[in-house]
Amino acid sequence: MNVAATASPSYNKGNSYWIECIEAAMNPSLAPYAAHSSLTRGRLHDEPSPSARSEYQRDRDRIIHSSAFRRLEYKTQVFVNHEGDLFRTRLTHSLEVAQIARSIARNLSLNEDLVEAISLAHDLGHTPFGHAGQDALNECMQGHGGFEHNLQSLRVVDVLEERYGGFDGLNLTFETREGILKHCSVENARQLGDVGRRFLEGKQPTLEAQLANLADEIAYNNHDIDDGLRSGFLAEAQLDDIDLYGRYRREVERLWPGIRGRRAIHETVRRMINALIIDLIRASNDRIKDVSPSSLDDVRNAPPLIAFSDEMRAEAAILKDFLFCNLYRHYQVNRMSSKARHTLTRLFDAFAAEPGLLPPDYQSGGGKGNDLYRNIADYIAGMTDRYAMREYRRLFDIEET
Ligand code: MG
């Protein structure tokens, strides 16, 4: 994949004294092994330090003000945007991830601003139409570097956003960028410079990055149950045998005999989220105590320290399997996935065959990719669901302009 543009030539450090004061006021109990914004490895381009917020607050604020963040409102999580107003979108999903991650970070004395910045940015690189869209684009990009949404999220914040006079991208701190890059192939890691190095050296990212990753999992497992039941693709009776759900559904029934419908589902799901959060806090605390890191460097050299207990991990895996078989492979979800693949593949093929159909910003010389194919991938990945559908009509419906 074309990752050279996201490599890290140099870093600059901010005014650490001022940042330390702000951070101490906002996070008085920050652990020594948490990410301290005064100790950031800095940004790709020199900038004066922020004057009334920490470095990670500035990252969070830049992400919220970005175009890519606003587009998340119209991008699919599981259900395509027009299928219903109450289903999660990438935007509401990202907000739920940030909420869960902040709660846990506060309990573990980790940096809430950093964990929030990573959570809000973690899905910025997603294509329209959820995983079906990513799979289709990756398929189209075979032979041209492939497409991977984690890497694309990093590309959005490093290269694609255009908001500042002095540089492309949002110029985020190293720690936020490494948190966004959850996974990475060895081949891509080699091209990424600093931010990819941990994948080659087998080291860990900050605890805040580890936490955002698991908060993502807590959020989507639970809201997919909620959305699955709301859509009617899942039935409550199917879930009774899944321990993690059944246990709390029975507790809710004991508390309010005869409770039904949305209220019963919400009372159950909120208990599941709480159980996962409490387990993650306890198990992570135990691991941190065992290793007793005294700095972020110790964290990087230790095994992963943010983790569920073995029992909870096993229960969550059963729930994940259930969702995979019964929701993500439901025939009505399959139909939408098939239409999504068809839509993105036809768009890609049309642009590749006739580059003159692309907006000038994405034609050769105008785009930010190393070749036409990367420009097309950037253009398509940036589309919302409804923009992709409109673009499809504009290209293939003779009456549409
Ligand atoms: Mg996510």
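Miscellaneous remarks
- Neighbours by Cβ (under 6 Å, 6+ apart or cross-chain): first from region 389-401, of a type in the set (A, V, I, L, M); second open to solvent by less than 80 Å² (accessible area, probe 1.4 Å): Leu395/Ala350
- Ser54 being buried (at least 19 other Cβ atoms within 10 Å of the Cβ), at pLDDT 85 or above and over 21 Å from Val159 (Cα atoms): yes
- All conditions in (1) without any contact (Cβ under 8 Å) to a residue 24 or more places away in the chain; (2) open to solvent by 30 Å² or more (accessible area, probe 1.4 Å); (3) in a helix (DSSP H, G or I) hold for Ile273, with the sole exception of (1).
Residue-by-condition table, conditions (1) out of contact with any Gly (no Cβ under 7 Å at 6 or more places or on another chain); (2) over 30 Å from Arg106 (Cβ atoms):
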{"site": "Asp158", "(1), (2)": "no, no"}
{"site": "Gly165", "(1), (2)": "yes, yes"}
{"site": "Thr173", "(1), (2)": "no, no"}
{"site": "Phe199", "(1), (2)": "yes, no"}
{"site": "Glu208", "(1), (2)": "no, no"}
{"site": "Asn213", "(1), (2)": "yes, no"}
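- Whichever residue in region 93-112 is away from the ligand (no atom under 14 Å from the Cβ) and open to solvent by less than 10 Å² (accessible area, probe 1.4 Å) and, among such residues, is farthest from Leu154 (Cα to Cα): Leu108
- Sole exception among (1) over 25 Å from Arg90 (Cα atoms); (2) in contact (Cβ under 8 Å) with a residue 12 or more places away in the chain; (3) of a type in the set (Val, Ile, Thr) for Ile318, by number: (1)
- For region 339-362, the tally of residues that are in contact with a Leu (Cβ under 8 Å, 6 or more places away or on another chain) and farther than 19 Å from Gly143 by Cβ stands at 1.
- When every residue of region 254-276 is checked against the conditions, at least one turns out to be within 27 Å of the chain's Cα centre (by Cα), within 16 Å of the ligand (Cβ to nearest atom) and closer than 25 Å to Ala98 by Cα.
- Odd one out for Pro257, checked against (1) open to solvent by 10 Å² or more (accessible area, probe 1.4 Å); (2) in a helix (DSSP H, G or I): (2)
- Leu280 vs. criteria touching a Leu at 6+ places or on another chain (Cβ under 9 Å) and on the phi < 0 side of the Ramachandran plot: yes
- Positions within region 221-230 being buried (at least 19 other Cβ atoms within 10 Å of the Cβ) and not acidic (Asp, Glu), in sequence order: Asn221, Asn222, His223, Ile225, Gly228, Leu229
- Within region 152-191, the residues that satisfy the criterion of being outside any loop (DSSP other than H, G, I, E, B), open to solvent by 10 Å² or more (accessible area, probe 1.4 Å) and modelled with pLDDT under 95 are Val186, Glu187, Asn188, Arg190, Gln191.
- Residue match in region 206-226 (condition: within 19 Å of the chain's Cα centre (by Cα) and outside any helix (DSSP H, G or I)): yes
- Residue match in region 255-266 (condition: touching a residue at least 40 places away in the same chain (Cβ under 8 Å) and closer than 17 Å to Glu217 by Cβ): no
- Considering region 59-81, and only residues there that are among the aliphatic types (A, V, I, L, M) and assigned to a helix (DSSP H, G or I), the residue that is surrounded by the fewest Cβ atoms within 10 Å (Cβ to Cβ) turns out to be Ile64.
- Set Gly130, Gly179, Gly125: member being within 16 Å of the ligand (Cβ to nearest atom) and touching a strand residue (DSSP E or B) at 6+ places or on another chain (Cβ under 6 Å): Gly130
Residues checked against (1) more than 25 Å from Thr76 (Cα to Cα); (2) at pLDDT 95 or above; (3) not β-branched (Val, Ile, Thr):
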residue: Gln204; (1), (2), (3): yes, yes, yes
residue: Gln210; (1), (2), (3): no, yes, yes
residue: Gly228; (1), (2), (3): no, no, yes
residue: Arg271; (1), (2), (3): yes, yes, yes
residue: Asp279; (1), (2), (3): yes, yes, yes
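The values are calculated or read from the model by the stated rules, or taken from the named source; none is laboratory data. Fair warning: this is a prediction, and the values are worked out from it, not measured in the lab. Note: ideal-geometry Cβ built from the backbone for every residue, glycine included; neighbour counts use all protein chains shown. Accessible surface is based on the protein model in full, side chains and every heavy atom, while ligands, DNA and RNA are left aside. Shrake-Rupley method; radii C 1.70, N 1.55, O 1.52, S 1.80 Å.
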